[in-house]
Amino acid sequence: MKIVVIGGSGLIGKKLVTNLKELGHDVVAASPSLGINSVTGEGLAEAISGAQVVVDVSNAPSWEDQAVLDFFETSTRNLLKAEAEAGVKHHVALSVVGTDGLLESGYFRAKMAQEEMIKASGIPYTIVRATQFFEFVESIAQFSTEGQTVRMPSHFIQPIVSDDVAAALVVYALDNPVNGITDLAGPERMGLDDLVRRFLSITKDSRHVVTDDNAPYYGVVLKQYSLVPVGEARIATTRFEDWLNRATK
Ligand SMILES: NC(=O)c1ccc[n+]([C@@H]2O[C@H](COP(=O)([O-])OP(=O)(O)OC[C@H]3O[C@@H](n4cnc5c(N)ncnc54)[C@H](OP(=O)(O)O)[C@@H]3O)[C@@H](O)[C@H]2O)c1
C-alpha cells in the first residue's frame, strides 16, 4: 500500500517511515528537506498521487502564535485538497491530548484548527492525540527555568516515548479510519514537577524544581487533568526512567 508520511524527516516521522517500510509498504517520506512542502505545495501532488493513506506528523518551524496558526491552517488545507484530488482513503494526524482545553496557548489553537479542518474535510480520518513525548521533557524544563530554578505545577502528565508513538501510528494507519479522536499515552501518570525532578536527577542536572500550581505550562495555567486522557486511551508500555537510564548510559 502507498502511504505518505508528511514530516517524514522528524522525530516521529523517521521512525514511522522505517516501521512502515519494514512491513513492506511503499512509503514516501515528505518534508521540505526531502523536497516536498505542504505549505508551499512543492512536490505535494506527485507525492500523494496513488496513495491510500496520508499520515501527517509535521510540526511548525515557529511556534509564535500567528506563525504556527498559519502553518497548520495552510499545510492542512493543501494536504486535504491534494488528498481529495488523489482519492486518498484515510488521513491520519498526530495531535496532542487535551488540545481543546489548552486554547490559551497559540500552539494549541493551531492544533485545534488543524483538527477542525480534518473533521470538516469529508476525507475519512483518524486524529491520534498523544501525550508529551519523553524527548520533550528537556524542553519543558528549559522553558520554565529561571537561573537554577525550574518552577513547575504538580498537575498530572502521562508522557510517552516517541518509539511507542510511532508504533501506535502504524496500527492506526493500517486500520480503518476512526472518524474521530483517539487518545494515546504512556504507562505512568505523575506530577509535572515530579517528572522534571526525575529528569534532572537522572541527568545529574543541578537545577532544582519548585512546585507552584500557578506556574504556567507554555503559557497555560493547567488544571489537574489538562494534559492526560480522561476517557479511554491506548496505553504504551515504555517507562520514563527505563528509557532515560538507557538514553543516558
Ligand atoms: N512534542 C510532543 O511532546 C508532542 C506530543 C503530542 C503530539 N505532538 C505532535 O507530534 C507532531 C510531530 O512532532 P515531532 O516532534 O515529531 O516533530 P519534529 O521532529 O519537529 O519534525 C517536524 C517535521 O515537520 C516537517 N515539516 C516542517 N515544515 C514542513 C512543511 N512545510 N511541509 C512538510 N513537512 C514539514 C519537518 O521537515 P524538515 O525536517 O524538512 O524541516 C519535520 O520532518 C506535531 O504535530 C506535534 O504537534 C508532539
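Coordinate-derived values only; no laboratory data. Since this is a predicted model, take the numbers as computed values, not measurements. A quick note on method: Cβ atoms are made from the backbone with ideal geometry, for glycine too, and the neighbour counts reach across all protein chains shown.
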When a footprinting reagent is the concern and you count Cβ atoms within 10 Å, what order do Val54, Val221, Val17 take, fewest first? Val221, Val17, Val54
For segment 4-87, listing chymotrypsin sites (Phe, Trp or Tyr not before Pro) in a DSSP loop whose Cβ sees at most 16 other Cβ atoms within 10 Å gives Trp63
Report, by chain and number, residues whose modeled amide H sits under 5 Å from the one on His90, excluding near sequence neighbours (fewer than 5 apart, same chain). Val54
Where does each of His90, His208, His155 land when they are ranked from fewest to most other beta-carbon atoms within 10 angstrom? His208, His155, His90
For segment 179-249, with the dipole built from +1 on Lys and Arg beta-carbon atoms and -1 on Asp and Glu ones, taken about the Cα centre, which of Gly191, Thr211, Ala236 lies farthest toward the positive end? Ala236
Work out from phi, with θ = phi - 60° and the Karplus expression 6.51 cos²θ - 1.76 cosθ + 1.60, the ³J(HN,Hα) of each residue of segment 73-88, listed in order in whole Hz, and give x for Gly and Pro. 5, 5, 4, 5, 4, 5, 5, 5, 5, 5, 5, 4, 5, 8, x, 4
For the chain, calculate the relative contact order in percent as a whole number, restricting contacts to Cα pairs under 8 Å that are 6 or more residues apart. 18 percent
Quick one: grab the alpha carbon gyration tensor of segment 61-131, order the square roots of its eigenvalues as a ≥ b ≥ c, and give me rounded if a/c is under 1.5, else prolate or oblate depending on whether a/b is larger than b/c. oblate
Rounded, prolate or oblate (a/c below 1.5 giving rounded, otherwise prolate when a/b exceeds b/c) for segment 13-121 by Cα gyration tensor: prolate
Identify which of Val210, Val97, Val128 has the largest mean-square fluctuation in a Gaussian network model of the chain, with springs joining Cα atoms closer than 10 Å. Val210
Which whole-percent values make up P(r) of the chain when all C-alpha to C-alpha distances are grouped in 10 Å steps starting at zero? 7, 31, 35, 20, 6, 0
Quick one: length gained pulling Tyr225 to Thr203 fully straight, 0.36 nm per residue minus the C-alpha distance? 5.2 nm
State the Cα centre-to-centre distance between segment 92-171 and segment 196-238 in whole Å. 12 Å
One quarter of the convex hull surface, Cα atoms only: what value does that give for segment 170-225 in nm²? 6.3 nm²
Rounding to the nearest 20 debye, state how big the charge dipole of segment 148-233 is about its Cα centre with +1 on each Lys and Arg Cβ and -1 on each Asp and Glu Cβ. 380 debye
Among the DSSP beta bridges whose two residues both lie in segment 4-156, what percent are antiparallel, rounded to the nearest 5? 10 percent
Give the shape of segment 127-249 as rounded, prolate or oblate, defined through the alpha-carbon gyration tensor: a ≥ b ≥ c are the square roots of its eigenvalues, a/c under 1.5 means rounded, and otherwise the shape is prolate if a/b is larger than b/c and oblate if not. oblate
To the nearest 20 debye, the chain has a Cα-centred charge dipole, built from +1 on Lys and Arg Cβ and -1 on Asp and Glu Cβ, of 440 debye
